[in-house]
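What follows is a single structure, written as structure tokens, with notes after it.
The values are calculated or read from the model by the stated rules, or taken from the named source; none is laboratory data. Computed from a predicted structure; not experimentally measured. Here the Cβ positions follow ideal geometry from the backbone for every residue, glycine too, while neighbour counts run over all protein chains shown. Each accessible area value is taken on the protein alone, full model and side chains, heavy atoms only, with ligands, DNA and RNA left out. Shrake-Rupley method; radii C 1.70, N 1.55, O 1.52, S 1.80 Å.
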Amino acid sequence: VSLEPGFCMSLLLENIRKTYRQPEGGRLPVLGIDQFQLQRGEQAALIGSSGGGKTTLLNIIAGILTPDSGRVVIDGRDIVAMPEVVRDRYRAARIGIVFQTFNLLPRTSALDNVALPLIYAGLSRRERLRKAEEALVLVGLEGRENARPNELSGGQQQRVAIARALMNGGKVILADEPTGALDSKSGKEVMALLESLAQQGHTVILITHDA
């Protein structure tokens, strides 16, 4: 699927249906989305109780799960229609994911944690570290490049995770409870950072329980 040149929509969901098989038989409907779209630079929050399908939807947008039916169109390409190996490459090249628990390598510096996704892009170590350093400056961690995760606060660790999500361009940033493990001050700082990234043209979708 290709959209007309110049069209600024970043994400389109159409007729998304997802069910899960139940142990006692039959299928449990989890998602039913007729249409949802976001422009580049827009933000959306998925708010709801546990078990409501929020993480399932995030994983479908990321191409980690496939829906039973429907389309997920990112920058004009339907990722549902892609072969799995192509979809995995597309996710690595276009989608940044931020986790509640940071998912940083504990014995690795902030700089190397951020640079990690670029290994799969085939860049030299020198180029990987240069780009990672630029990303850490962007998220306000200049001077903390050599710190390991246990030497950083929770808010700083989440900033490292956001910098890592930007390594592939992060056209779409998916954040699953990005402030859930943070105190209120750090949470506000991370939210301000995500808003700043949206203003720079990234599309940001986050899961939260905190209105």
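Only Lys, Arg, Asp and Glu carry charge here, each on its Cβ (+1 for the first two, -1 for the last two); on that basis the chain has a dipole of about 500 debye about its Cα centre.
Subtracting the Cα-Cα distance of Asn150 and Arg125 from their residue separation scaled by 0.36 nm leaves 6.6 nm. Sites counted here are GluC sites (Glu not before Pro) in a DSSP loop (not H, G, I, E or B) having no more than 11 other Cβ atoms within 10 Å; the longest part of the chain that contains none of them is 25-141.
Taking the Cα centre of the stretch 88-158 as origin and assigning +1 to Lys and Arg Cβ atoms and -1 to Asp and Glu Cβ atoms, the resulting dipole is close to 260 debye. Relative to the longest principal axis of the Cα atoms of the chain, the long axis of helix 84-94 lies at roughly 50 degrees.
Straight-line reach from Lys18: taking Cα to Cα under 24 Å and skipping same-chain neighbours fewer than 8 places apart, the lysines in range are Lys54.
Taking every DSSP bridge with both residues inside the chain, close to 55 percent are antiparallel.
Report the charge-dipole magnitude of the stretch 7-68 in Debye, nearest 20, computed about the Cα centre from +1 at each Lys and Arg Cβ and -1 at each Asp and Glu Cβ. Provide the component values of the computation, followed by the final result.
Numbers: 6 positive and 5 negative charges, 26 e Å.
The calculated dipole for the stretch 7-68 is roughly 120 debye.
The slack in the chain from Gln35 to Ser184, taken as 0.36 nm per residue of separation less the alpha-carbon distance, amounts to 50.3 nm.
Counting only protein heavy atoms and a probe of 1.4 Å, the accessible surface of the chain is 49% carbon and sulfur.
Shape summary: the chain maps onto an equivalent ellipsoid whose semi-axes, from the alpha-carbon gyration tensor, are 29, 20, 17 Å in decreasing order. The residues neighbouring Asn103, those whose beta-carbon lies less than 12 Å from its own, together hold a net charge of 0 under the Lys/Arg +1, Asp/Glu -1 convention. Taking the dipole about the Cα centre of the chain, with the C-beta of Lys and Arg at +1 and of Asp and Glu at -1, give me whichever of Gln43, Met191, Pro83 is farthest to the positive side. Going by the charge dipole, the pick is Pro83. Can you classify the stretch 109-211 as rounded, prolate or oblate using the Cα gyration tensor, where a ≥ b ≥ c are the square roots of its eigenvalues, rounded means a/c under 1.5, and otherwise it's prolate if a/b beats b/c and oblate if not? Judged from the Cα gyration tensor, the stretch 109-211 comes out oblate (a/c at least 1.5, b/c at or above a/b). Calculated accessible area for the chain comes out at 52 Å² per residue, all protein chains present (probe 1.4 Å; ligands, DNA, RNA ignored). Computed over the chain with a Gaussian network model linking Cα atoms closer than 10 Å, the most mobile of Ala62, Ala45, Ala161 is Ala45.
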